[in-house]
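Notes follow once the structure below has been shown.
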Amino acid sequence: MDVLLQQLINGVALGAIYALIALGFALIFSVLRMMNFAHGDTYMVGVFVIFGSLQGGVPPPLAVLLGAATAALLAALVERIAYRPLRSSHPMMPIMTALAAAIVLRQVVVLVWGVQTLPFPQLLPVPFNIGVLQISGTQAITLAVAIGCALVFRLFLNRTKWGRAIVLMRQDLEVARLMGIPVDAVVTLVYALAGLLGVIGGTLYATNYGVIDTQMGINGTVNGFIAAVLGGLGGLEAAVVGGLLLGIIQQLTAAFISSSWQTAVSFAILILVLLVRPNGLVPGQAAPERA
């Protein structure tokens, strides 16, 4: 039982990271009905900027700010160059553009840092015990940051002018345009927020596991997508639930079966959910339908 509880704690910490990544993924889909498959590689660049800054002697808080700003600006740039011209094109076109943008970003990182796995500094290494259970300081901070980001993000959507504009655009993009909302500017903000959430999740992942590589972007995209679909694609709270669930599933799979089966089990559960509950596991949390 103690082993199970310990793995559940580890799974919740991993799921909190996936929740942040999935939240950015679901936000973009809820507004534009577009799959942003460059999401992971966008925040991966931000994480590598943090790594490079730390290696250069920049204090950790400033390094994190630099990485977060880089990811947000890069996500906004990708939206402006790669997505906006194709917004009204065939649905396959943005997908292809997203994959192309992801490859370009990955190769830029390879040119600068190479393909090898690099050690990421343990910013919060101090563990503590609750009975026989061990919780690292990083895991506790990860869960706290994920919950805090979700709450702040919800307050932003409900209490600010730009947040309410995003909510209206989720309901009906054309009505929002007719009401005078600057749609292009809000869409750019949506991408920037998604990049910001992603780099927070990516940094927490790197701090938890102590390594980074160029594959963390595509892995984050895959896991973020699975988490968003599990909860209900386009539902923001559902993305958080889906992320937590996916983290627990993967951790239990690694502990009691094999770590090599994590992805296979995740996709198997995804297929089962799509067959049984195509709108996701959280009732009423899928993206609103548009006429």
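The overall shape of region 44-125, judged from the alpha-carbon gyration tensor, is prolate: a/c is not under 1.5, and a/b is greater than b/c. Remark: relative contact order (region 39-94) = 34 percent; criterion is Cα-Cα distance under 8 angstrom and separation of 6 or more residues.
Would you please put 45-56, 27-38, 77-88, 158-169 in order of how densely packed they are, using the mean number of other Cβ atoms within 10 angstrom per residue and starting with the highest?
27-38, 45-56, 77-88, 158-169
Please say if region 139-235 is rounded, prolate or oblate, where rounded means a/c under 1.5 for a ≥ b ≥ c the square roots of the C-alpha gyration tensor eigenvalues, and otherwise the choice is prolate for a/b larger than b/c and oblate otherwise? Since a/c reaches 1.5 and a/b is larger than b/c, the shape of region 139-235 is classed as prolate. Multiplying the residue separation of ASP172 and ALA144 by 0.36 nm and subtracting their alpha-carbon distance yields 6.8 nm. Taken along the Cα-to-beta-carbon direction at a fixed 7 Å, the label points for VAL104 and PHE156 span 2.5 nm. Peptides 236-242, 207-213, 179-185 ranked from most to least packed, by the mean per-residue count of other Cβ atoms within 10 Å: 236-242, 207-213, 179-185. For region 174-279, just say rounded, prolate or oblate: build the C-alpha gyration tensor, square-root its eigenvalues into a ≥ b ≥ c, call rounded for a/c under 1.5, and beyond that prolate if a/b exceeds b/c, oblate if not. Oblate. Counting only Cα atoms, the size of region 217-288 along its three principal axes is 38, 27, 16 Å, in decreasing order. Counted as membrane-span-like here are DSSP H helices of the chain whose alpha-carbon atoms extend 18 Å or more along the helix's own axis and whose Kyte-Doolittle mean is 0.0 or above; these are 2-32, 39-55, 60-78, 92-113, 137-159, 183-209, 216-231, 236-256, 262-276.
Every number here is computed from the coordinates shown, using simple stated rules; none is lab data. All figures in this text were calculated on a predicted structure; none of them were measured in a lab. Here the Cβ is made from the backbone with ideal geometry for all residues, glycine too, and neighbour counts use every protein chain on show.
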